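S.K.: One structure, as structure tokens, below. Some questions next.
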Amino acid sequence: MSTVSPDPELFDKIVNLSKRRGFVFQSAEIYGGFRSTYDYGPLGVLLLRNVKDAWWRSMVQERHDVVGLDASILSPPQVWQASGHLANFSDPLVDCTNCNARHRLDKLDDPEVCPSCGAEGSFTEAREFNLMFKTHAGPVTETAAEVYLRPETAQGMFINFANVLNTSRKKPPFGIAQIGKSFRNEITPGNFVFRTREFEQMEMEFFVPPAESQQWYEYWCQVRMDWYLDLGMNPDKLILRAHDDDELSHYSSGTSDVEYLFPWGWDELEGIANRGDFDLTQHANASGEKLDFFDQATNERYTPHVIEPAAGATRTAMAFLMDAYDEEVVNDETRTVLRLDHRLAPYKVAVLPLSKKDTLTPTALRVFDAIKGRWMTDYDETQSIGKRYARQDEVGTPYCVTVDFDSLEDRAVTVRERDSREQDRVSLDQLEGYLDERLS
Ligand code: ATP
């Protein structure tokens, strides 16, 4: 275990930055805000998309043994009956008879003490509360029309196992990956976008011959840890924590969580589970379809076992934001810098004409036009250049390109790097190559 301690002050700084700079807004804010739902603003949508793209690249594009899927969010009760969610996807809920606060029993530090008011022994008996959102398909609100919003993307992969197997010509070991929204009627949403009722997941189901499951489980634990580290996450704030036996689901022979040191302490980013043949067997039994694999090489038919790395995209984007946040004192002034990996930074480049004068605008816009196809580029001509550098540092833009009056003569621009603040004079015809070397 690392020796770093959580930084509680970071939480408010990130919430403020998110709102002030347009990463994350409270949903329906003009109507007083809709609790626990958030909208991703101009910068947040880029960061979130970059997190998802980095995951997709490493989990699908760069692998010959994983294919993608985009399954529906609405699904019939049979799916959730077979998966066990209708019976078991619930949290134990207790109410405090003193202050009426509602808590998840399994998340309380002391199951006897209400953390809201401090009362002892004031809780009601625990009730199991199912976390799935139910709605109705079509105009009739009768039981027969009940459908559910998926609480995880994983079942889409299981119920399409045969479709993918038959169309992709893959055979175990192979995986199906999906990124998409999931919905859980959480009892205690909170910690900003960490736990919300609507969120995005990045999940992959990797189907393997039963004898190879332990080896693939260990493999995926390692690969997933490496993904966060490769994208620049502080290794002292990341751990892989194996579940104790009493935490494991009955079908799982091993689960480990990737945990990050959030401002409130260690908490989950991703779970990697060895799920055995539970899911395919459940759906095969319930649907009557064969969900197995015939291995022609060995003449054997078997139900593959599943290794599942399941991550939260929205939660992970926030973790990267927190991890990148830095303050340093430069010339007696505090500078805020998001030291985001280039691949995650919302904007890669900002083009900044030194002044708003008409003489500079055409050249600056030409620079913008020349690079906008390659990199997400901001164009900003408001305020002083110092303020504009500070604004770009604060949102993690790796390179600022300044067009000044000399540029009109020497056909060159000043390129400033975010972390070192070092500046290079680069000729306009070399600019794309210069950025390419550093951003690719
Ligand atoms: P928790 O114990 O935090 O409720 P979980 O173990 O139920 O999470 P999983 O079902 O394993 O979570 O989901 C996989 C991932 O999806 C989690 O690691 C997390 O990153 C993300 N996730 C789950 N629930 C939420 C939520 N309510 N809000 C945001 N992300 C979530």
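The values are calculated or read from the model by the stated rules, or taken from the named source; none is laboratory data. Given the structure is predicted, the values throughout are model-derived calculations rather than measurements. In this analysis, Cβ positions are derived from the backbone assuming ideal geometry, glycine residues included, and neighbour counts consider all displayed protein chains. With ligands, DNA and RNA removed, areas are computed over all heavy atoms of the protein, side chains included. Shrake-Rupley method; radii C 1.70, N 1.55, O 1.52, S 1.80 Å.
S.K.: Select from the stretch 148-207 the residues that are among the acidic types (Asp, Glu) and within 10 Å of the ligand (Cβ to nearest atom) and write down the one among them that is nearest to Thr316 (Cα to Cα). Write out each step before concluding.
M.R.: Keep residues of the stretch 148-207 that are among the acidic types (Asp, Glu), which gives 152, 186, 198, 200, 203, 205.
When the remaining residues are screened for being within 10 Å of the ligand (Cβ to nearest atom), the result is 152, 186, 198, 200, 203.
Numbers: Glu152: 16, Glu186: 18, Glu198: 15, Glu200: 10, Glu203: 13 Å.
Selected residue: Glu200.
S.K.: A further question on this structure: Take residues that are within 33 Å of the chain's Cα centre (by Cα) and touching a residue at least 12 places away in the same chain (Cβ under 8 Å) and tell me which of the strands (runs of 3 or more DSSP E) falling wholly in the stretch 291-405 contain 3 or more.
M.R.: Working: elements: 293-295, 300-302, 305-312, 325-330, 333-338, 349-353, 377-379, 399-403.
Counting at least 3 such residues, we get 305-312, 325-330, 333-338, 349-353, 377-379, 399-403.
S.K.: Please work out which residue is nearest to the chain's Cα centre (by Cα), limiting yourself to the stretch 416-431 and to residues that are touching a residue at least 12 places away in the same chain (Cβ under 8 Å) and either open to solvent by 60 Å² or more (accessible area, probe 1.4 Å) or under 16 Å from Arg366 (Cβ atoms) (or both). Break it down into steps so the answer makes sense when it comes.
M.R.: Initial filter on the stretch 416-431 (touching a residue at least 12 places away in the same chain (Cβ under 8 Å)): 416-419, 421, 425-429, 431.
In the following step, the residues that additionally are either open to solvent by 60 Å² or more (accessible area, probe 1.4 Å) or under 16 Å from Arg366 (Cβ atoms) (or both) were identified as 421, 425-429, 431.
Values: Arg421: 29, Arg425: 37, Val426: 36, Ser427: 38, Leu428: 37, Asp429: 38, Leu431: 33 Å.
The qualifying residue nearest to the chain's Cα centre (by Cα) is Arg421.
S.K.: Something else: Can you tell me which condition Glu270 does not meet? The list is (1) part of a helix (DSSP H, G or I); (2) out of contact with any His (no Cβ under 9 Å at 6 or more places or on another chain), and all the others hold.
M.R.: (1)
S.K.: Within the stretch 172-209, can you find the residues that are in a loop (DSSP other than H, G, I, E, B), of a type in the set (D, E, K, R) and at pLDDT 95 or above? Break it down stepwise before answering.
M.R.: Quick first cut of the stretch 172-209, residues in a loop (DSSP other than H, G, I, E, B) only: 172-173, 184-189, 191-194, 196-197, 209.
If we keep only those that are of a type in the set (D, E, K, R) as well, we get 184, 186, 197.
If the condition is that a residue be in a loop (DSSP other than H, G, I, E, B), of a type in the set (D, E, K, R) and at pLDDT 95 or above, then Arg184, Arg197 are the ones that fit.
S.K.: May I pose another question? Name the residue, out of Ala311, Ala273, that is surrounded by 15 or more Cβ atoms within 10 Å (Cβ to Cβ), within 13 Å of the ligand (Cβ to nearest atom) and closer than 30 Å to Gln392 by Cβ.
M.R.: Ala311
S.K.: Where the second residue is open to solvent by less than 20 Å² (accessible area, probe 1.4 Å) and outside any loop (DSSP other than H, G, I, E, B) and the first is closer than 18 Å to Phe320 by Cα and of a type in the set (Asp, Glu) and lies in the stretch 184-200, which pairs have Cβ atoms under 6 Å and are six or more apart or on separate chains?
M.R.: Glu200/Ala313; Glu200/Thr314
S.K.: Hey, does the stretch 292-304 have a residue that's away from the ligand (no atom under 16 Å from the Cβ) and more than 22 Å from Asn163 (Cα to Cα)?
M.R.: Taking the stretch 292-304 and keeping what is away from the ligand (no atom under 16 Å from the Cβ), we get 292-304.
Next, only the ones that are more than 22 Å from Asn163 (Cα to Cα) stay: 298.
Scanning the stretch 292-304, I find at least one residue that is away from the ligand (no atom under 16 Å from the Cβ) and more than 22 Å from Asn163 (Cα to Cα), so the answer is yes.
S.K.: Moving on. If you take the residues of the stretch 28-58 that are within 21 Å of Pro346 (Cα to Cα) and hydroxyl-bearing (Ser, Thr, Tyr), which of them is surrounded by the fewest Cβ atoms within 10 Å (Cβ to Cβ)?
M.R.: Step one: list which residues in the stretch 28-58 are within 21 Å of Pro346 (Cα to Cα), which gives 38-58.
Remaining after also requiring hydroxyl-bearing (Ser, Thr, Tyr): 38, 40, 58.
Numbers: Tyr38: 22, Tyr40: 20, Ser58: 17.
Top of the filtered list is Ser58.
S.K.: Moving on. Can you tell me which residues in the stretch 18-50 are among the small types (Gly, Ala, Ser) and in a loop (DSSP other than H, G, I, E, B)?
M.R.: Going residue by residue through the stretch 18-50, those that are among the small types (Gly, Ala, Ser) are 18, 22, 27-28, 32-33, 36, 41, 44.
Hits for the stretch 18-50 are Gly22, Ser27, Ala28, Gly32, Gly33, Ser36, Gly41.
Each row is one residue, and each column tells you yes or no for (1) more than 16 Å from the ligand (Cβ to nearest atom); (2) closer than 25 Å to Ser213 by Cβ; (3) basic (Lys, Arg).
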{"position": "Leu108", "(1), (2), (3)": "no, no, no"}
{"position": "Ser116", "(1), (2), (3)": "yes, no, no"}
{"position": "Lys134", "(1), (2), (3)": "yes, no, yes"}
{"position": "Pro139", "(1), (2), (3)": "yes, no, no"}
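S.K.: Determine which member of the set Asp70, Asp109, Asp91, Asp7 is within 24 Å of Glu259 (Cβ to Cβ) and open to solvent by 90 Å² or more (accessible area, probe 1.4 Å). Full working, then the answer.
M.R.: Numbers: Asp70 fails: within 24 Å of Glu259 (Cβ to Cβ); Asp91 fails: open to solvent by 90 Å² or more (accessible area, probe 1.4 Å); Asp7 fails: open to solvent by 90 Å² or more (accessible area, probe 1.4 Å).
After ruling out the rest, the residue left standing is Asp109.
S.K.: In this structure, does Met225 turn out to be surrounded by 18 or more Cβ atoms within 10 Å (Cβ to Cβ), of a type outside the set (S, T, N, Q) and free of Cβ contacts under 8 Å to residues at least 60 places away in the same chain? Full working, then the answer.
M.R.: Numbers: surrounded by 18 or more Cβ atoms within 10 Å (Cβ to Cβ): yes; of a type outside the set (S, T, N, Q): yes; free of Cβ contacts under 8 Å to residues at least 60 places away in the same chain: yes.
Answer is yes for this residue.
S.K.: Taking Gly288 as the residue in question, decide whether it is more than 13 Å from the ligand (Cβ to nearest atom), surrounded by 14 or more Cβ atoms within 10 Å (Cβ to Cβ) and either over 17 Å from the mean Cα position of the chain (by Cα) or without any contact (Cβ under 8 Å) to a residue 60 or more places away in the chain (or both).
M.R.: Numbers: more than 13 Å from the ligand (Cβ to nearest atom): yes; surrounded by 14 or more Cβ atoms within 10 Å (Cβ to Cβ): no; either over 17 Å from the mean Cα position of the chain (by Cα) or without any contact (Cβ under 8 Å) to a residue 60 or more places away in the chain (or both): yes.
When the stated conditions are applied, Gly288 does not pass them.
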